[in-house]
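The values are calculated or read from the model by the stated rules, or taken from the named source; none is laboratory data. What you see is a predicted model, and the numbers here were worked out from it, not measured in a lab. FYI the Cβ positions are ideal-geometry reconstructions off the backbone, even for glycines, and counts take in every protein chain you see.
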Ligand code: G3P
Ligand code: MG
């Protein structure tokens, strides 16, 4: 038997323990797999030990991302189910009953529209739709005519009358939902601030009073300030856009913007994940069908947990580990991602993992088991 089997044989009840895995830096590195992830994920699936994936990433449907993960990790025998995936914007599904006509920000291309419509939002407006309806709303945009034609909705169908000429119905927008990192940051900043300071979400209008409460709600899917790609230095992520929105809003209103932020390390995201992990355990025990999991409400923590212990496995102390520690889960930090040797010495405030730092996800899970 392999060491992992020896360790797990000691488990009396495999469903008493749960794992929540971060994706980037734990299971994947860029678009490539982290080899140890394949072995340990396969093992957990075969043993029916409950686990889910919780990422601050997004921008594509849960189905597309899980297909990519299964393919990349070569999990043909024991594929991960899309129910087991929570992306940063997944909990926004909860908002559908009260948010019908929504401005969905972030990229890439038109994929985010597909995600939002797939969740069931009735009327999805994208910044490129506004530019198509009236380019003067942000004349510095860098979309080509072809992109506007391809990605932008026909203004008549989206009932947009941005310039107030009275040609369209100009229906109010219910909320601004920032799904993913911005690809058109200038345009998004302008139209977001327009709406937050409008008369009840009607574009082209400006309210007459100042307030910390925006005219329509705004939700950010995560607070990540930086992300890393092939460039030498980390790049700005959604947290940077959020700072810009908050700063400009305060300049206009003299008060701090009231907003909601999802994603790790926010408690709201861990509550949501906890519900899903509990329901996935029910699937493993044959008490529920996959595809039929609950839709947790925001800020509604589970009353009871069936788990003796849940572990958050992550590569980022600031999001994964801080959030897991605050939620009283065990935390496992891996060396395959954002965390660098010496980070704790350089920044003593950084959250430390309760179980320890491990070379990779497999070693961390084995220690937990
Ligand atoms: O926000 C950037 C994204 O890459 C984080 O992903 O899976 O590490 O939470 P993850
Ligand atoms: Mg990560």
Go through 298, 284, 277 for me and flag whichever is under 20 Å from residue 15 (Cβ atoms) and within 24 Å of the chain's Cα centre (by Cα). 277
Give the stretch 54-72 a look and list any residue that's farther than 19 Å from residue 181 by Cβ and within 14 Å of ligand 1 (Cβ to nearest atom), or say none. 66, 69, 72
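Could you look through the stretch 308-327, keep only residues that are surrounded by fewer than 18 Cβ atoms within 10 Å (Cβ to Cβ) and under 17 Å from residue 52 (Cα atoms), and pick out the one that is farthest from ligand 1 (Cβ to nearest atom)?
Only one residue tops the list, namely 308.
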Residue 336, sole failed condition from (1) buried (at least 18 other Cβ atoms within 10 Å of the Cβ); (2) more than 16 Å from ligand 1 (Cβ to nearest atom); (3) in a loop (DSSP other than H, G, I, E, B): (2)
Sort out which residues of the stretch 209-245 are farther than 27 Å from residue 173 by Cα, near ligand 1 (Cβ under 9 Å from one of its atoms) and part of a loop (DSSP other than H, G, I, E, B), and write them in order of number. 228
Any idea which residue in the stretch 192-234 is nearest to the chain's Cα centre (by Cα), counting only those that are over 22 Å from residue 104 (Cβ atoms) and within 16 Å of ligand 2 (Cβ to nearest atom)? 226
Scan the stretch 186-195 and give yes if some residue there is buried (at least 17 other Cβ atoms within 10 Å of the Cβ), assigned by TED's automatic domain parsing to the domain that holds residue 136 and not in a helix (DSSP H, G or I), otherwise no. no
Selected residue (criterion: surrounded by the fewest Cβ atoms within 10 Å (Cβ to Cβ)) from residues of the stretch 4-33 that are at pLDDT below 95 and assigned to a loop (DSSP other than H, G, I, E, B): 12
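Each row is one residue, and each column tells you yes or no for (1) within 16 Å of ligand 2 (Cβ to nearest atom); (2) in contact (Cβ under 8 Å) with a residue 60 or more places away in the chain; (3) in contact with a helix residue (DSSP H, G or I) (Cβ under 8 Å, 6 or more places away or on another chain); (4) within 21 Å of residue 359 (Cβ to Cβ).
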| position | (1), (2), (3), (4) |
| --- | --- |
| 5 | no, no, yes, yes |
| 8 | no, yes, yes, yes |
| 16 | no, yes, no, no |
| 19 | yes, yes, yes, yes |
| 24 | yes, yes, no, yes |
| 31 | yes, no, yes, no |
| 37 | yes, yes, yes, yes |
| 53 | yes, no, yes, yes |
| 60 | no, no, yes, no |
If you take just the helices (runs of 4 or more DSSP H) that sit entirely in the stretch 116-173, which of them hold at least 1 residues that are within 28 Å of the chain's Cα centre (by Cα) and at pLDDT 90 or above? 127-133, 145-151
